[in-house]
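The values are calculated or read from the model by the stated rules, or taken from the named source; none is laboratory data. The structure presented is a predicted model; accordingly, all values stated were derived computationally and were not measured. FYI the Cβ positions are ideal-geometry reconstructions off the backbone, even for glycines, and counts take in every protein chain you see.
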Amino acid sequence: MRRSICDLCVADNQGDARALSDWLRNKNAVAWVVWVGRKDAIFLVAEQACAIVGVGMVDHKGEILLNYVDPEFRFQGVSKNMLAALEGKVRANETRMCFLQSTEPARKFYQKYGYTSIDGRWFALKESL
């Protein structure tokens with residue numbers, strides 16, 4: 001996830017080392033334990049050849065909290081499959097809408113899969129899942 005943020009989200013931090021440091025501050029082992037242990041959210045991992053190539057997390061309200069891909073696996077369907085799996089978890093929880101805060105590079109990706117901008121940063125899937 002840290003590599004994804006550093007390599008793929010340059011448009012969001014615009015090369016500002018302090019902004020990048022702030023973003024990465026909670027991307028550590030302690031935070032992982034907290035995230036994985038949340039009772040109000042589901043954490044998913046995408047693996048290929050015994051390596052983690054993507055992570056995703058969605059809460060029970062339908063907010064997609066994480067959808068990151070290893071930069072080496074970008075454009076290979078990892079994020080698409082992760083998004084489908086996260087939406088499937090939302091459907092199983094009988095929630096009918098997903099929403100998220102998108103990075104700049106991911107906006108077109110989410111729009112491609114039916115998400116629309118609410119205010120430029122927040123996106124929602126209008127259609128029922």
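Some observations on this one:
- Applying the criterion of at least 2 residues that are modelled with pLDDT of 85 or more and within 20 Å of Tyr113 (Cβ to Cβ) to the helices (runs of 4 or more DSSP H) found wholly in the range 5-95 leaves 78-92.
Condition check ((1) aromatic (Phe, Trp, Tyr); (2) touching a helix residue (DSSP H, G or I) at 6+ places or on another chain (Cβ under 9 Å); (3) loosely packed, with under 15 Cβ neighbours inside 10 Å) across all residues:
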| site | (1), (2), (3) |
| --- | --- |
| His60 | no, yes, no |
| Asp70 | no, yes, no |
| Phe75 | yes, no, yes |
| Glu87 | no, no, no |
| Val90 | no, no, no |
| Glu94 | no, no, yes |
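- Residue pairs whose Cβ atoms lie under 6 Å apart, separated by 6 or more positions or on different chains, with the first residue in the range 82-109 and in contact (Cβ under 8 Å) with a residue 24 or more places away in the chain and the second assigned to a helix (DSSP H, G or I) and of a type outside the set (Asp, Glu), are Cys98/Val90; Glu104/Ala11; Pro105/Leu8; Pro105/Ala11.
- Filtered by the rule that a residue be modelled with pLDDT of 85 or more, of a type in the set (Ser, Thr, Tyr) and either more than 14 Å from Ser79 (Cβ to Cβ) or not in a loop (DSSP other than H, G, I, E, B) (or both), the range 96-129 gives Tyr110, Tyr115, Thr116.
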